[in-house]
Amino acid sequence: MKKILITLLVVIVATIMSCKKLDTLNEDTKSATKVPSATLFSNAMKNLLDQETTPSVNSNVFRAFSQYWTETTYTDECNYDVLNRKIPDYEFRTIYRDVLADLKEAKRVSDGESEVVSTAAVKKNRAAITEILTVYAYQRLVDIFGNIPYDQSLDISNVLPVYDDAKTIYAKLFVRLDAAIADLNTSEASFGDADLIYAGDVASWKTFAYSLKLKMGITVADVTELDPAGKITSAVTGGVFTSASESASFQYLGASPNTNPVYVELVASGRHDWVATNTMVDIMDTLNDPRMNDYFDSNMGAGVYLGGTYGASNTYANFTHITPTVQDPTRVSLLLDYTEVQFYLAEAAARGLIGGSAETYYNEGITSSILYWGGTSAEATVYLLNPAVAYTTAPGTYKQKIAVQAWIAYYDRGLIGWTTWRRLDAPILNPPPGKTNADIPTRFTYPIGEQTLNGANYTAAAAAVGGDKLTTKLFWDKY
């Protein structure tokens with residue numbers, strides 16, 4: 001009996017040990033279960049850049065809304081149908097899930113990483129840079145939708161977050177941005193090569209952060225409760241971009257899957273869905289703008305440009321095409337650039353919010369754009385002598401002068417072009433056939449997914465912004 005018990009015990013122990021070994025068979029030893037903070041940061045940045053850049057009608061129609069391009073075969077998006085393809089859903093999901101969630105996780109993971117991976121000083125810089133990009137992403141969402149989930153967002157235990165007031169979110173973003181700037185230590189490293197824009201250069205991120213603060217301050221320039229004058233002055237004093245070399249740009253590569261999304265949609269797809277708009281071509285032609293041949297192809301003949309009617313069905317072969325330069329697989333993408341900053345400074349000076357000459361900043365914004373697109377200083381000089389372009393003689397108020405030239409300069413950057421029109425009410429856009437100027441969108445409607453899955457909070461948010469319509473104005477769009 002004793003021998004039997006001992007044998008049985010050995011079998012039981014062996015069985016238990018075998019089970020423990022079998023448990024390990026469920027472990028995938030070839031796939032990572034822990035992702036480094038640097039990888040999460042890179043992924044968030046790449047997703048943000050792709051969403052900023054893509055011209056896919058499924059996810060980003062801002063080149064259409066700003067009337068830089070118009071469609072050929074399918075015209076739904078240029079006629080402001082954003083629901084058929086659930087475009088707001090894609091924007092919402094991409095920024096929350098693929099950008100903000102990864103940035104939050106990058107910060108969490110970084111806190112627990114070994115000192116060998118990153119010292120306390122490096123961790124602090126990483127957290128600050130992550131915050132800066134987080135502020136950028138949230139501002140993008142607010143400027144597209146208005147009120148959005150903020151305080152309760154990114155909480156996996158709360159799938160029904162409430163929507164926060166857009167103006168209140170802006171106030172909080174200013175605070176977060178200031179705190180992040182204060183935490184940056186330019187003597188220490190950060191993300192290194194995992195930083196796809198500045199390669200870990202902390203001083204560059206500091207300049208970017210102040211430039212972002214300037215952008216935010218100008219966006220809410222008519223919202224006195226947010227103290228835009230103080231925010232803009234602080235940004236300029238801190239140090240915004242002073243040359244094109246400081247712009248936040250990302251270089252795409254020549255091989256898939258890292259090619260520029262414009263190349264993917266316009267070339268690799270083999271489709272011909274876009275042509276230049278009559279809006280863009282007519283304005284540039286009237287001003288004899290030297291960037292015309294840089295923005296558009298010469299498929300209609302040398303010096304001949306014909307924009308398609310915005311929102312109409314335009315035969316591809318009959319209108320001016322997009323320049324091959326924009327369709328290059330390696331073309332850079334911009335998050336924020338020097339030209340943009342110069343127009344913000346021009347507006348701030350014209351409003352009396354900072355010192356300096358609005359005309360000087362305006363001229364520099366135009367010149368830097370012409371140079372960026374491959375033009376020459378001589379071309380810029382001639383262009384600025386045009387009475388319809390020169391700051392002192394161009395028609396309209398300072399808002400209209402700046403808006404027209406900024407809008408032209410922002411070509412291929414649809415969201416900022418559309419935002420410029422929304423803020424400054426210029427240039428004059430063309431409504432699609434059968435519509436009026438009152439139909440031109442001033443925001444995105446909320447995602448259909450939110451309407452069906454987060455109904456109570458969606459309903460409250462829709463009422464709070466004045467109705468979930470494409471034509472409802474955001475809080476900073478006062479005129």
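The values are calculated or read from the model by the stated rules, or taken from the named source; none is laboratory data. As the structure is a computational prediction, the values presented were derived from the model and not from experiment. Here the Cβ positions follow ideal geometry from the backbone for every residue, glycine too, while neighbour counts run over all protein chains shown.
Here are the numbers for this structure:
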{"item": "Any chance ILE408 is closer than 22 Å to ILE87 by Cβ, in a helix (DSSP H, G or I), under 24 Å from the mean Cα position of the chain (by Cα) and modelled with pLDDT of 95 or more", "result": "no"}
{"item": "Close pairs (6 angstrom Cβ cut-off, 6 or more residues apart or separate chains): of a type in the set (Val, Ile, Thr) in region 168-189, modelled with pLDDT of 95 or more anywhere", "result": "ILE169/VAL142; ILE169/TYR150; ILE181/ALA209; THR186/VAL202; THR186/ALA203"}
{"item": "Residue within region 443-458 that is more than 19 Å from the chain's Cα centre (by Cα), within 14 Å of TYR163 (Cα to Cα), surrounded by 15 or more Cβ atoms within 10 Å (Cβ to Cβ) and hydroxyl-bearing (Ser, Thr, Tyr) present", "result": "yes"}
{"item": "Checklist (1) buried (at least 21 other Cβ atoms within 10 Å of the Cβ); (2) under 30 Å from ALA350 (Cβ atoms); (3) in contact (Cβ under 8 Å) with a residue 40 or more places away in the chain; (4) not small (Gly, Ala, Ser) applied to ASP425, failing item", "result": "(1)"}
{"item": "Inter-residue pairs, beta-carbon under 7 Å, first of a type in the set (Val, Ile, Thr) and in region 193-218, second part of a loop (DSSP other than H, G, I, E, B), 6+ apart", "result": "VAL202/LEU184; VAL202/ASN185; VAL202/THR186; VAL202/GLU188; VAL202/SER190; THR207/GLY239; THR207/VAL240; THR207/PHE241"}
{"item": "Filter result (acidic (Asp, Glu) and closer than 26 Å to GLY434 by Cβ) within region 282-336", "result": "ASP282, ASP285"}
{"item": "Total residues in region 242-268, condition under 28 Å from PHE343 (Cα atoms) and in contact with a Leu (Cβ under 8 Å, 6 or more places away or on another chain)", "result": "5"}
{"item": "Exclusive hit being of a type in the set (Gly, Ala, Ser), out of contact with any Leu (no Cβ under 8 Å at 6 or more places or on another chain) and under 23 Å from ASP111 (Cβ atoms), set GLY230, GLY192", "result": "GLY192"}
{"item": "Some residue of region 339-362 being within 23 Å of the chain's Cα centre (by Cα) and surrounded by fewer than 20 Cβ atoms within 10 Å (Cβ to Cβ)", "result": "no"}
{"item": "Of the criteria (1) closer than 30 Å to THR237 by Cα; (2) without any contact (Cβ under 8 Å) to a residue 40 or more places away in the chain; (3) not in a loop (DSSP other than H, G, I, E, B), which one ALA128 fails", "result": "(2)"}
{"item": "Every residue from region 260-317 that is in contact with a Pro (Cβ under 9 Å, 6 or more places away or on another chain), over 18 Å from SER66 (Cα atoms) and buried (at least 19 other Cβ atoms within 10 Å of the Cβ)", "result": "ASN260, PRO261, TYR263, VAL264, GLU265, LEU266"}
{"item": "Region 203-222, residues that are aliphatic (A, V, I, L, M) and either surrounded by fewer than 17 Cβ atoms within 10 Å (Cβ to Cβ) or under 24 Å from ALA127 (Cβ atoms) (or both)", "result": "ALA203, ALA209, LEU212, LEU214, MET216"}
{"item": "Region 77-121: number of residues that are closer than 17 Å to ILE144 by Cα, surrounded by 21 or more Cβ atoms within 10 Å (Cβ to Cβ) and of a type in the set (D, E, K, R)", "result": "2"}
{"item": "Residue check for GLU347: in contact with a helix residue (DSSP H, G or I) (Cβ under 8 Å, 6 or more places away or on another chain), acidic (Asp, Glu) and more than 29 Å from ARG140 (Cβ to Cβ)", "result": "no"}
{"item": "Qualifying residue in region 374-383 (condition: charged (D, E, K, R) and over 24 Å from the mean Cα position of the chain (by Cα))", "result": "yes"}
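For (1) in a strand (DSSP E or B); (2) under 30 Å from GLY352 (Cβ atoms); (3) more than 23 Å from the chain's Cα centre (by Cα), each residue gets a yes or a no:
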| site | (1), (2), (3) |
| --- | --- |
| ALA235 | no, yes, no |
| SER249 | yes, no, no |
| SER256 | no, no, no |
| THR259 | no, no, no |
| LEU266 | no, no, no |
| ARG271 | no, no, yes |
